[in-house]
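Q: Pasting a structure below so you can have a look.
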Amino acid sequence: MDNLPPSSPVPLQPGLRKRFYEPLVILRSLVKVYDEQRAAELIEAEQNTTCSPKGNFRHFVCKLAHICDSKRGGDEVTSFAILQTGRIQYWFASNQRNERALNKVMEFVADILNMLGSATSEDIETAILGPQSQLFSQLLTVILAFNARRIGSYLKDVPKNLGVCIESLIDESSADGERNTPIPRQSAGLY
C-alpha cells in the first residue's frame, strides 16, 4: 500500500467500509443542515433591516448561547431550545461540560434571565440605547465575570497581535510612500 499513487483509493474490507460510510453520511447531513441554516439566517438578516419581534427573539437566544461559551476554542458551545407550554421553558445543551459546570451555566443563565425579567421596559430601552444604564452595567458585569477565563486568554494574545498590526501598518505606510505619523517600535512596548 505504500507504493500506491496518492490518487488511488485505499482498499477497505466490506465490513470496515460499511462502518466508515455511516459516519460520513451523518457528517454530510450535518454539514448540509448547517449550510442551509446559515444561508437562511443570512437571508433573514438581510431582509430584516428593521427587526421583527421574531427576529429580535432569535437574536436574543443566539446571544444567550454565545455568552455561555466561556472557554476559548469551541469546547463549551451551548445551544438553547425555548418551549412555550403554558410557561416559557429554556432548555440548553452544552458540550464538554460535566454536571458541576452545567449547573454553573444554569445559574448564570438564570441570573441573566432574572435580571432581564425584573427590569422595566424603560430599563431595557435605556440599556439598548447605551452602556450608561444600570441594567447594562449589571448584565455586563455578570457576563464578564462568567467569561473571565475566555477573555483572559484573548488578553494574553493582545501584545503579540498588536505587534503584528503595527508591523502591518508600518509596511503599508512604507509601501504607499506615505507616513503621516511615525510609529516608533519602542513606544509600543512590544519588541
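Readers should treat all values here as calculations from the given coordinates under stated rules, not as data from a laboratory. What you are looking at is a predicted structure, and each value in this text was computed from that prediction instead of being measured. Here the Cβ positions follow ideal geometry from the backbone for every residue, glycine too, while neighbour counts run over all protein chains shown.
Q: Rg/Rh for the range 81-169: what does it come to with C-alpha atoms and Rh from Kirkwood?
A: Across the range 81-169, the Cα-based Rg/Rh ratio is 1.11.
Q: Which order, highest average first, do 63-75, 109-121, 24-36 follow once you tally other Cβ atoms within 10 Å for each residue and take the mean per peptide? Let's see the in-between values first.
A: On the way: 63-75: 15.4, 109-121: 13.2, 24-36: 9.8.
The densest-packed peptide leads the list: 63-75, 109-121, 24-36.
Q: Please list, in order along the range 55-66, the HN-Hα scalar couplings obtained from phi with the Karplus expression 6.51 cos²θ - 1.76 cosθ + 1.60 (θ = phi - 60°), rounded to whole Hz, x for Gly and Pro.
A: With coefficients 6.51, -1.76 and 1.60, one gets x, 4, 5, 4, 4, 4, 5, 4, 5, 4, 5, 4 Hz.
Q: A follow-up question, please. What's the local net charge at residue 96, with K and R +1, D and E -1, over the other residues with C-beta under 15 Å away?
A: Net charge around residue 96: +3.
Q: Take the alpha carbon gyration tensor of the range 64-132, find the square roots of its eigenvalues, order them as a ≥ b ≥ c, and report rounded if a/c is under 1.5; if not, report prolate when a/b exceeds b/c, else oblate.
A: Details: a/c = 2.39, a/b = 1.48, b/c = 1.62.
Oblate is the answer for the range 64-132, as a/c is 1.5 or above yet b/c matches or exceeds a/b.
Q: First select every other residue whose beta carbon is under 11 angstrom from the beta carbon of residue 80; then total the charges, Lys and Arg +1, Asp and Glu -1. Each step should come with its number before you reach the end.
A: Numbers: positive: 58, 63; negative: none.
Every neighbour counted, the sum reads +2.
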